[in-house]
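To keep things clear, I will list the structure first and then write my remarks on it.
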Amino acid sequence: MASAGVSLDRSLLPRVARAMSTSLGLGDVLAAASRAAAELVPDSLVLIWVQQNDRLVLRAAAGTLEHPWTGLPTTLAVGEGLADILWRVVCAGEGMRDAERALGWPARAGRVVLGIALDRLADHYRVR
C-alpha cells in the first residue's frame, strides 16, 4: 500500500522482517524500523519515541538528517502522569476520545491534561 506518488519497494517488508527476527534487541529493531520507514518516502525523517515513565525518549531516527541525534532533544520531560496522554495523542496519533477511553478517564479530561503536558513541554524547552 503506497500513498500517491510514492512507489513501495516490495523487498522492504521482507528486509524489515529479517532484521526483526535476527535481532531481539529493541534498539536494533527500532533502528531497522526507522530506516525502513524513511525509505518509503524520499526526503523524509522518521523519529521513534518510546515512553519511559514520565518521559518520551528518542530511541531511533533515520532519514534526511545526516546525523539524526545532533541538535535534537532525546528526552521530552513532561511530568508524572502526563506522558501517557501526550504519547497517545501527539506521537501515536490516537484520537482524544480513544485515548481517554484507553486511560479510563472521563470525557473531556484528556483535553485538559494534554494542555498541561504541552504547557510543561513549552516551558521546559523555552518555546513560549
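The numbers here are math on the coordinates, done by the rules we state, and not lab data. The shown structure was predicted, so the numbers you read here are calculated from the model rather than taken from an experiment. Cβ placement follows ideal geometry from the backbone for every residue including glycine, while neighbour counts extend to all protein chains displayed.
Here are a few things to note about the model shown:
- Cβ-based net charge around Arg101, under 14 Å, with every Lys or Arg adding one and every Asp or Glu removing one: 0
- Seen from Ala32, the other residues with C-beta closer than 10 Å to its C-beta sum to a net charge of +2, counting Lys and Arg as +1 and Asp and Glu as -1.
- Inter-label distance for Leu40 and Gln52, nm, one decimal - labels placed 7 Å from Cα along Cα-to-Cβ: 2.6 nm
- Cβ-Cβ FRET estimate between Leu13 and Ile116, R0 fixed at 41 Å, reported to 0.05: 0.55
- For q = 0.14, 0.19, 0.31 Å⁻¹, Debye-computed log10 I/I(0) when each Cα of the range 78-128 counts as one equal scatterer: -0.32, -0.56, -1.20
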